[in-house]
Structure formats: C-alpha cells, structure tokens
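Peer 1: Would you mind keeping the following structure in view while I ask a few things?
The values are calculated or read from the model by the stated rules, or taken from the named source; none is laboratory data. Nothing here was measured: the structure is a model prediction, and the numbers come from that model. We place every Cβ from the backbone using ideal geometry, glycine too, and count neighbours over all the protein chains shown.
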Amino acid sequence: MIVGGVISGSFIPSVDKGIQSRMTEGVIAGCRVVDVIVELYDGKEHPVDSKDIAFQIAGRMAFSEAIKKADPILLEPIMNVSIACPQEFMGDINGNINSKRGQIMGMDVDGNLQVIKAQVPQAEMFRFCSELRSITGGAGSYSMEFSHYSEVPPNIAQQIKAAYEATKKNVEE
C-alpha cells in the first residue's frame, strides 16, 4: 500500500479505474479477468503534469504487464446437460456428447425414455438443438444449466488467442 504520500489520495481511484477497465476488456483473448488482487505500492506524481487520465493509463498498463507475466489461464463455462431420448438413439447421442469434449455423468430411465446426464462446455452446445433433432428425428429433448468454470484445454486456448489477435489486427488496420 502507498505510504508517505508519493501519490496523493485523489489519484489512487484513477489508478483503480484504469485497472478495472482493463480487467473488463481482458488482457488475453479479450476475456474478462477475474480472481485477482491488486495492490498499489509505489508511484510518482508531478505537481503540474499529473492528471486523472495519466493515472488511469498507468493503472491499465501496469495491470496488463503484470497479467502477462502471471501466466493466466482461460476459463470456460461448463453446463450440466440432461438429454431425454428413445433407447435406440443412445449410442449416437453419447458419441455426439463425446465429440463435444463432454463427459457422461450417468444415465437414468424416465418412462420409455433414456436420460443421459452430462457435463459439456457451453461453447460446444450452440448447435446441439438441431443436432439432437437430426439424430432422434425430433424425438429427443434436452435441458442445460450452468455448473462451473473449468480451464480451457491448451490447444483450444491457443486457437482462441490466435483468433482474437487476428481480429484485433484487422481492427487496427
């Protein structure tokens, strides 16, 4: 924490504002940064040139540099998925879930339907409704709800970062 008044108290909220904005924008892949603690230890101000925006920029730049050195990871939402379908489609649906990096957690019976319980990354579920309809001929249904966040596998994280950098580069040109 700042001691001895090297930065006046009026500029400390400016540094925080810069850090908070950078956390929202993200440093890698444009993803919001979570679960960090930031402490301001030192700084310098000039009686004439010190302005609010300068301290915001300093906070943003320092935060970006620190995050890059911290070797951050990307997290993705994992969904609890419950799929109800006739018995004859179980194999195809299990294969579909496995192809989506999903993990089958269990199976139940509900009347004449089989119910598959699985955890699947949300990013893999965007086309699932039409896939399920195609596999079951409209006889299947599903529901999903958020379960937790999990680390994105390194190969997929690299693809996400590369896509973000390409997008960023196109915007700058």
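Peer 1: Can you tell me how many residues in segment 1-51 are more than 28 Å from I73 (Cα to Cα) and either of a type in the set (S, T, Y) or surrounded by fewer than 14 Cβ atoms within 10 Å (Cβ to Cβ) (or both)?
Peer 2: 14
Peer 1: If you go through segment 97-130 one residue at a time, how many are part of a helix (DSSP H, G or I) and touching a helix residue (DSSP H, G or I) at 6+ places or on another chain (Cβ under 6 Å)?
Peer 2: At the first step, the residues of segment 97-130 found to be part of a helix (DSSP H, G or I) are 97-99, 122-124, 128-130.
Then drop every residue that is not touching a helix residue (DSSP H, G or I) at 6+ places or on another chain (Cβ under 6 Å), which leaves none.
Final tally of qualifying residues: 0.
Peer 1: Moving on. Output the residues belonging to segment 77-106 that are of a type outside the set (G, A, S), over 29 Å from the mean Cα position of the chain (by Cα) and surrounded by fewer than 18 Cβ atoms within 10 Å (Cβ to Cβ). Write out each step before concluding.
Peer 2: Restricting attention to segment 77-106, the residues satisfying the condition of being of a type outside the set (G, A, S) are 77-81, 83, 85-90, 92-94, 96-98, 100-101, 103-105.
Okay, now just the ones that are also over 29 Å from the mean Cα position of the chain (by Cα), so 85-90, 92.
Result: P86, Q87, E88, M90, D92.
Peer 1: Filter segment 146-173 down to the residues that are out of contact with any helix residue (DSSP H, G or I) (no Cβ under 8 Å at 6 or more places or on another chain) and in a loop (DSSP other than H, G, I, E, B), then identify the one that is farthest from L75 (Cα to Cα).
Peer 2: E173
Peer 1: Could you tell me whether any residue of segment 132-145 is in a helix (DSSP H, G or I), modelled with pLDDT under 95 and among the small types (G, A, S)?
Peer 2: There is no residue in segment 132-145 that is in a helix (DSSP H, G or I), modelled with pLDDT under 95 and among the small types (G, A, S).
Peer 1: Being in contact with a helix residue (DSSP H, G or I) (Cβ under 6 Å, 6 or more places away or on another chain), more than 30 Å from Q158 (Cβ to Cβ) and part of a loop (DSSP other than H, G, I, E, B) is the filter here, so list the residues in segment 9-39 that pass it.
Peer 2: Across segment 9-39, the qualifying residue is only F11.
Peer 1: Before we move on, is A162 out of contact with any Phe, Trp or Tyr (no Cβ under 8 Å at 6 or more places or on another chain), surrounded by fewer than 13 Cβ atoms within 10 Å (Cβ to Cβ), small (G, A, S) and under 30 Å from V27 (Cα atoms)? Lay out the reasoning, then the answer.
Peer 2: Values: out of contact with any Phe, Trp or Tyr (no Cβ under 8 Å at 6 or more places or on another chain): yes; surrounded by fewer than 13 Cβ atoms within 10 Å (Cβ to Cβ): yes; small (G, A, S): yes; under 30 Å from V27 (Cα atoms): yes.
Yes; evaluated as a whole, the condition is true for this residue.
Peer 1: Among the residues of segment 129-148, which ones are over 18 Å from C31 (Cβ atoms) and touching a strand residue (DSSP E or B) at 6+ places or on another chain (Cβ under 9 Å)? Steps first, please.
Peer 2: Step one: list which residues in segment 129-148 are over 18 Å from C31 (Cβ atoms), which gives 129-145, 147.
Matches in segment 129-148: C129, L132, I135, T136, A139, G140, S141, Y142, S143, M144, E145, S147.
Okay, residues lined up against (1) among the aromatic types (F, W, Y); (2) farther than 28 Å from G30 by Cα; (3) part of a strand (DSSP E or B):
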residue	(1), (2), (3)
F55	yes, no, no
A58	no, no, no
D71	no, no, no
P77	no, no, yes
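Peer 1: Pairs under 9 Å by beta carbon, first residue farther than 12 Å from M61 by Cα in segment 9-25, partner of a type in the set (S, T, Y) and surrounded by 16 or more Cβ atoms within 10 Å (Cβ to Cβ), six or more apart or different chains?
Peer 2: Cβ pairs passing all conditions: F11/S50.
Peer 1: Any residue in segment 149-158 that is without any contact (Cβ under 8 Å) to a residue 60 or more places away in the chain, of a type outside the set (F, W, Y), closer than 30 Å to G30 by Cβ and buried (at least 17 other Cβ atoms within 10 Å of the Cβ)? Before you say what the answer is, go through the steps one by one.
Peer 2: Going residue by residue through segment 149-158, those that are without any contact (Cβ under 8 Å) to a residue 60 or more places away in the chain are 153-156, 158.
Adding the requirement that they be of a type outside the set (F, W, Y) leaves 153-156, 158.
This time we only want the ones that are closer than 30 Å to G30 by Cβ, so: 153-156, 158.
With the extra rule that they be buried (at least 17 other Cβ atoms within 10 Å of the Cβ), the set shrinks to none.
No: segment 149-158 contains no residue that is without any contact (Cβ under 8 Å) to a residue 60 or more places away in the chain, of a type outside the set (F, W, Y), closer than 30 Å to G30 by Cβ and buried (at least 17 other Cβ atoms within 10 Å of the Cβ).
Peer 1: Can you tell me which residue among D16, D42 is at pLDDT 90 or above and over 24 Å from Y164 (Cα atoms)?
Peer 2: Numbers: D42 fails: at pLDDT 90 or above.
Criteria check complete, one pass: D16.
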